[in-house]
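Before any comments, here is the structure.
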Amino acid sequence: MSDNEQALTMQDTSSTTTWIKLLGCSLFGVLFFLTPLNIDGTWTIALGLLTSKISSWLGDNMGYFTVGCFIMAAVVSIVYNTSPKHIAMKLPMADRLIASHWLWVIVNVSAAVLATLTLLQIGPHWLISEQTGVTAYIDVAGAIFLLVGLGCLLLPFLTDYGLLEFVGTMLQRPFQKIFNLPGRATIDTLASWVGSSSIAVVLTNAQFERGFYSARESSVIATNFSVVSVPFVLLTANVAGLGNYFLQLYGSMFLICVICAIVTPRLPPLSWIKDEYYPSHGKTLNEDVDDGESRIKHAVSRAYGIAEHAPSPKLALKRGWHSMMDIYLMMMPAAMTIELFTLAIYYNTSFFQTLTYPLSVLLELMQIPEAQAAAPGLVLGLFDQFVPTIIASELTALETKFVLAGLSVTQLIFFAESAILIMRSSIPLSVKSLVAIFCIRTCIALPILTLIAHWLF
């Protein structure tokens, strides 16, 4: 065989491999993360179905699984952060698992101790009750460990093989015109709508670190487009006692999130963030289409180019594994501990009721029934997304239930999960900025939800 024939054969083989990666890996990502499935009358996705199966398989052993993860996080934190630096830096994933602040180590160790006490039912009632410790360290933690963990592990199949380049190029114009964002941001939205807001935050950070989003774009997307999933909205409606009003609740969420996505980025602190790119990569995204070239042809060309240089599925799984370990060992202990203390203070003291008294007056002026009982729900969503829904379930007025349930699915910033994920990421948003964005979204959402609630009920 001549040299030219060998070169052509190698080129054909390379082309075939590239198309397999582009179509095969991307198709797997779409099927796993974005394709709705109707199982026994309930809509979900493959990720949700798999997590449910694993959860059912674990059954009563879920507590041992979650507590084991918390203990492992504490051990890793101690080893990585007390070892001599020249040794610690040689350990696996040192860049991710060496805590940026000593408080992370304290939180990890505290979470391990508190989770163990909860599992063994040893300690005060405020810690080990079903409403507090069991909810935070076992029930919610188990769901997040499985959902976010598996999501992080397999997310590269959705992001690394050209799909985002294709979609981004095709939808560039509407997203730029309406939201001043790259077209590929639509995938973040889709991933959260059918999957989880946490997955969308992880996706956004991965895109920022690879130079596909600027600091401003990643901040806007993480705080305004990492919306809650369809299954979560349905769960929220059912728990709040609004199962018959799911469509109205979902429609309200969609309207409010679009308005927030238009308004919030034009206000500080998001408007102050510059279009700077991740230092190690710089800008790597160009969705512009040359004159005379069809958009779909250009989109396919860009997707093929990414797939050509994409890692093997084995390396993609390795990258996903590193992301999963970061979530398990560095994010979850802090997130669940925040949730624990939020629930403990709410159920065992009158602190939040007293703190939010001015808000109860505001709700009364807006003619919201049970204003005093509902007022804490306006701010507790900052700590845990589901707390406003729990408060709503204990009320009787449908208007108030609707407003609180609506806030649960539109505030988006909460420190028991999404905010911690953002803080652990490379996205340049501080605690102060996240609180400010939460307040802005609440100020936008509350009057709209109130008007809709009065109209409905």
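Before moving on, here are some points about what is shown:
- Condition check for G183 on (1) under 20 Å from N61 (Cβ atoms); (2) small (G, A, S); (3) under 21 Å from the mean Cα position of the chain (by Cα): one failure, at (1).
- Restricting the first member to segment 77-89 and to residues that are small (G, A, S), and the second to residues that are assigned to a helix (DSSP H, G or I), the beta-carbon pairs closer than 7 Å and six or more apart or on different chains are S77/W104; S77/V105; S77/N108; S77/V109; A88/Y80; A88/A94.
- Criterion (in contact with a Cys (Cβ under 6 Å, 6 or more places away or on another chain) and of a type outside the set (S, T, N, Q)) met by exactly one of V220, V227: V227
- Helices (runs of 4 or more DSSP H) fully within segment 343-457 counting 2 or more residues that are over 30 Å from A99 (Cα atoms): 351-355, 357-365, 371-374, 376-380, 387-393, 398-408, 431-456
Each row is one residue, and each column tells you yes or no for (1) over 17 Å from G29 (Cβ atoms); (2) surrounded by fewer than 22 Cβ atoms within 10 Å (Cβ to Cβ); (3) at pLDDT 85 or above.
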{"site": "T118", "(1), (2), (3)": "yes, no, yes"}
{"site": "I128", "(1), (2), (3)": "yes, yes, yes"}
{"site": "L155", "(1), (2), (3)": "no, no, no"}
{"site": "D160", "(1), (2), (3)": "no, no, no"}
{"site": "E165", "(1), (2), (3)": "no, no, no"}
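- Single match in M170, M72, M62, M93 (criterion: touching a His at 6+ places or on another chain (Cβ under 8 Å) and under 30 Å from K314 (Cα atoms)): M93
- Here A99 does not qualify as surrounded by 15 or more Cβ atoms within 10 Å (Cβ to Cβ) and either over 13 Å from L329 (Cα atoms) or touching a strand residue (DSSP E or B) at 6+ places or on another chain (Cβ under 9 Å) (or both).
- If the condition is being in contact with a helix residue (DSSP H, G or I) (Cβ under 8 Å, 6 or more places away or on another chain) and farther than 16 Å from D384 by Cα, then segment 434-457 contributes I440, I444, A445, L446, I448, L449, T450, I452, A453, H454, L456, F457.
- Set side by side, the residues L58, L47 differ, and just one is surrounded by 19 or more Cβ atoms within 10 Å (Cβ to Cβ) and under 19 Å from V140 (Cα atoms), which is L47.
- Residues in segment 78-98 that are assigned to a loop (DSSP other than H, G, I, E, B) and either touching a Lys or Arg at 6+ places or on another chain (Cβ under 8 Å) or of a type in the set (V, I, T) (or both): I98 only.
- Condition check for G59: more than 13 Å from P333 (Cβ to Cβ) and either assigned to a helix (DSSP H, G or I) or modelled with pLDDT under 90 (or both): yes
- Restricting L114, L120, L150 to those that are of a type outside the set (F, W, Y) and in contact with a Phe, Trp or Tyr (Cβ under 8 Å, 6 or more places away or on another chain) reduces the list to L114.
The values are calculated or read from the model by the stated rules, or taken from the named source; none is laboratory data. Source: prediction; values computed, not measured. Because the Cβ atoms are built from the backbone with ideal geometry, glycine has one as well, and the counts that use them run over all protein chains shown.
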